[in-house]
Amino acid sequence: MDRIDTVLKAVPEDLVTTDQDVVARYLTDFRKYMTGASRAVLRPRTTEDVRRIVALCAEHGVPLVPQGGNTSYCAAATPGVAGDELVLSLERLNAIREVDAANLSLTAEAGCVLSVLQETADAAGLMLPLDLGSRQSCQIGGNLSTNAGGVSVLKYGMARDLVLGLEAVLPDGQLLDVLQPLRKNNTGYDVKQLLLGAEGTLGIITAVSLKLVRKSVQTVTAFLAIPEIEALTQILARAQALTGECITSFEYVSDHSLQMLLAAKSELRHPLTAPNPHYVLLEAQTASPVFPLEEAVSRLLEQLMEDGLVTDGTLASGGAQRDALWVLREHIPEAEVANGGSVKHDVSVTTSRLPAFVKEASALVEAHSEGGRLSIYGHVGDGNVHFNVVAPVGAVPATYKAWFEREVSPRIYDLAVAMGGSFGAEYGIGRVKLDLLDRYGNPAKIALMRAIKTAVDPKNILNPGKVVR
């Protein structure tokens with residue numbers, strides 16, 4: 001009996017799936033970028049199940065690949081092709097343990113789907129600020145393991161900024177329990193932060209205590225036409241000042257991206273009367289029933305139009321119009337898929353340099369891409385732009401994308417790094433960006449990461465081949 005069989009025999013049968021037709025659903029990453037192999041998927045129901053499985057795997061030297069909703073863009077939850085790893089799905093750990101409205105906190109297990117947690121907070125009269133386009137399928141454990149970003153980072157921060165406490169199983173099977181939903185707890189190293197963004201390489205998150213905020217009672221959403229991209233940061237600054245820091249989202253959409261989406265989805269409509277090179281989807285929210293939010297945003301738009309910074313715009317008159325505007329922003333990736341997919345560059349620079357990066361990177365593509373089509377959108381407020389390129393009409397997408405990643409993508413990353421930015425803003429490293437980390441990462445940081453991995457997981461049991469190698 002080999003070591004994998006030994007582990008599988010020791011795990012309760014109801015937690016093990018070996019049917020390869022079922023297992024296959026866990027082996028390919030969200031973008032269909034990589035497909036691995038595994039003899040089984042383990043689906044624990046409790047934290048104790050996870051602890052026992054990890055301890056068994058540590059004892060017998062069997063690597064585990066933790067998986068949540070499998071929405072990673074970097075194959076962070078995909079096993080390797082050798083078939084010597086087991087997949088550990090957290091989908092059954094989906095209990096909501098506590099909602100403490102007075103403490104503005106929610107404690108839930110790692111397999112809870114993000115939208116369910118948002119709905120739970122809403123039912124308590126509160127709001128969970130973390131919000132992603134994949135909210136209906138991504139799981140909170142994966143959100144934390146990748147330190148997810150999303151559309152509300154501008155006001156509320158990344159996923160790690162919302163974590164009060166954490167429960168996790170360490171590579172030797174020990175339980176790390178720092179789950180208390182406390183805002184002040186200076187009792188040594190903040191060890192939970194090590195696991196946030198570690199992509200399951202240092203521990204398997206099983207539960208989390210999250211910060212909630214007061215639910216917004218006023219929301220104002222606007223879609224604005226911006227003639228010059230250089231105005232973005234000025235518009236954001238004025239919006240934050242005039243609304244008293246009520247801006248929760250400030251999303252950029254290029255006309256290239258919008259037109260590609262409208263062509264791919266005929267049921268959608270352009271929200272403005274005429275096309276423009278650049279757009280901003282702005283949203284402001286407040287929990288105050290007396291603050292004149294709509295008046296503040298209206299005055300902002302008047303001033304911006306008077307100064308020529310905005311040439312056209314529309315305010316959502318209700319929930320249906322708001323949803324329609326957000327559909328335009330969130331469905332851009334679908335348009336890219338409909339056109340054969342895209343080469344994705346999830347980069348960040350300082351907010352002040354984002355307009356310059358978009359202009360210079362666009363010029364690079366126009367000069368070197370042999371007809372590649374730009375699709376640019378992102379989170380202006382936190383400097384994260386999704387600078388994507390779709391193959392020219394008539395080209396073979398897979399062939400073109402491989403050529404572009406080899407010949408042109410390095411120029412884009414070089415530009416971002418030269419501007420003091422990052423090649424990985426919110427997607428993480430996974431398997432896909434290991435080479436980029438080697439090329440652009442700080443050697444001292446990489447060495448420290450390897451030292452931490454070796455110290456915490458000396459047998460390399462958890463998610464081998466991801467983040468560090």
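The values are calculated or read from the model by the stated rules, or taken from the named source; none is laboratory data. Just so you know, these numbers come straight off a predicted model, no measurement behind them. So basically every Cβ, Gly included, is an ideal-geometry build from the backbone, and we count neighbours across all protein chains shown. Heavy atoms of the whole protein, side chains included, go into the accessibility calculation; ligands, DNA and RNA do not. Shrake-Rupley method; radii C 1.70, N 1.55, O 1.52, S 1.80 Å.
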Check: Ignoring ligands, DNA and RNA, what accessible area per residue does the chain give at 1.4 Å, in Å²?
Finding: 42
Check: So what's the angle, to the nearest 10 degrees on a 0 to 90 scale, between helix 47-60 and the longest Cα principal axis of the chain?
Finding: 60
Item checked: the range 436-450 versus the range 2-42: alpha-carbon centroid distance in Å -> 31
Item checked: Given charges at Cβ of Lys, Arg, Asp, Glu: the range 272-408 dipole, positive-most of N384, V365, S348 -> V365
Next item on the list: With +1 on each Lys and Arg Cβ and -1 on each Asp and Glu Cβ, and nothing else charged, work out how big the dipole of the range 1-126 is about its Cα centre, in Debye to the nearest 20.
Entry: 220
Next item on the list: Could you point to the label whose value was computed as Kirkwood radius over Cα pairs in Å for the structure here, given [x] 25.5; [y] 23.4; [z] 24.4?
Entry: [y]
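State, as an integer percentage, the relative contact order of the chain based on alpha-carbon contacts under 8 Å between residues 6 or more apart.
Numbers: 958 pairs, mean separation 71.2, N = 469.
Normalised by residue count, the contact order of the chain is 15 percent.
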Check: For the peptides 139-151, 13-25, 246-258, what is the packing order when you average, over each peptide's residues, the other Cβ atoms within 10 Å and list the highest mean first?
Finding: 139-151, 246-258, 13-25
Margin query: For the pairs K433/K459; K155/K211; K401/K453; K211/K433; K265/K359; K344/K401, flag any whose C-alpha to C-alpha distance is greater than 21 Å.
Written below: K433/K459; K401/K453; K211/K433; K265/K359
Check: Helix 409-418: angle to the longest alpha-carbon principal axis of the chain, degrees 0 to 90, nearest 10?
Finding: 80
Check: What does the charge dipole of the range 78-168 about its Cα centre add up to, to the nearest 20 debye, if the Cβ of each Lys and Arg holds +1 and the Cβ of each Asp and Glu holds -1?
Finding: 200
Note to self: For a protection proxy built on the mean count of beta-carbon atoms within 10 angstrom, sort 171-184, 421-434 highest first, please.
What the structure shows: 421-434, 171-184
Margin query: Placing +1 on the Cβ of each Lys and Arg and -1 on the Cβ of each Asp and Glu in the range 229-282, which of L281, L261, A231 has its Cα farthest towards the positive end of the resulting dipole?
Written below: L261
Check: Put +1 on the Cβ of each Lys and Arg and -1 on the Cβ of each Asp and Glu in the range 125-217; which of L132, L202, G165 then has its Cα farthest toward the positive end of the dipole?
Finding: L132
Check: For the chain, with only Lys/Arg (+1) and Asp/Glu (-1) charged at the beta-carbon, what is the dipole magnitude about the Cα centre, in debye rounded to 20?
Finding: 820
Check: Beyond 18 Å, what percent of the Cα pairs of the range 372-469 remain?
Finding: 58
Checklist line | Amide proton proximity set for E98, modelled H, under 5 Å, gap of 5+ | finding: T107
Item checked: the range 62-110, relative contact order in percent, only Cα pairs under 8 angstrom and at least six apart counted -> 33
Check: Under 18 Å from the Cα of K184, which aspartates and glutamates turn up, not counting those fewer than eight places away in the same chain?
Finding: D100, D161, E167
Notebook entry, point to check: Going by average Cβ neighbours within 10 Å, how do the peptides 437-443, 404-410, 375-381 rank, with the highest at the top?
Noted result: 375-381, 404-410, 437-443
Item checked: Derived scalar couplings ³J(HN,Hα) [the range 135-146; Karplus, 6.51 cos²θ - 1.76 cosθ + 1.60; whole Hz; x for Gly, Pro] -> 4, 7, 9, 5, 10, 5, x, x, 4, 6, 5, 9
Item checked: Under 15 Å from K32, Cα to Cα: aspartates and glutamates that are on another chain or at least 8 residues apart -> E334, E336
